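Student: Pasting a structure below so you can have a look.
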Amino acid sequence: MLFLVAALMLLGVVLGTVAHAPLDVTVALAAVIAVWLAVFAVRERIARHRRTSAN
């Protein structure tokens with residue numbers, strides 16, 4: 001429960017920061033996060049595929 005409260009507080013701080021940041025900075029950071037998530041998803045899919053094919 002404490003983790004959820006901390007996550008929501010952090011989300012509020014981040015959203016407040018984005019509201020005051022210039023649009024190009026916001027778009028650049030969103031692109032970086034999107035690439036990071038895409039790389040994570042691909043790595044997880046490859047790891048899951050290796051685990052299931054090894055068994």
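The values are calculated or read from the model by the stated rules, or taken from the named source; none is laboratory data. Note that this is a predicted model, so its numbers are computed, not measured. No Cβ is skipped: glycine too gets one built from the backbone with ideal geometry, and neighbour counts run over all protein chains shown.
A quick yes/no check of all residues on (1) at pLDDT 95 or above; (2) loosely packed, with under 10 Cβ neighbours inside 10 Å:
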{"site": "20", "(1), (2)": "no, yes"}
{"site": "25", "(1), (2)": "no, no"}
{"site": "30", "(1), (2)": "no, no"}
{"site": "42", "(1), (2)": "yes, no"}
{"site": "45", "(1), (2)": "no, no"}
{"site": "53", "(1), (2)": "no, yes"}
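Student: Kindly indicate whether residue 10 is of a type outside the set (D, E, K, R) and surrounded by 10 or more Cβ atoms within 10 Å (Cβ to Cβ).
Tutor: Numbers: of a type outside the set (D, E, K, R): yes; surrounded by 10 or more Cβ atoms within 10 Å (Cβ to Cβ): yes.
In short, yes.
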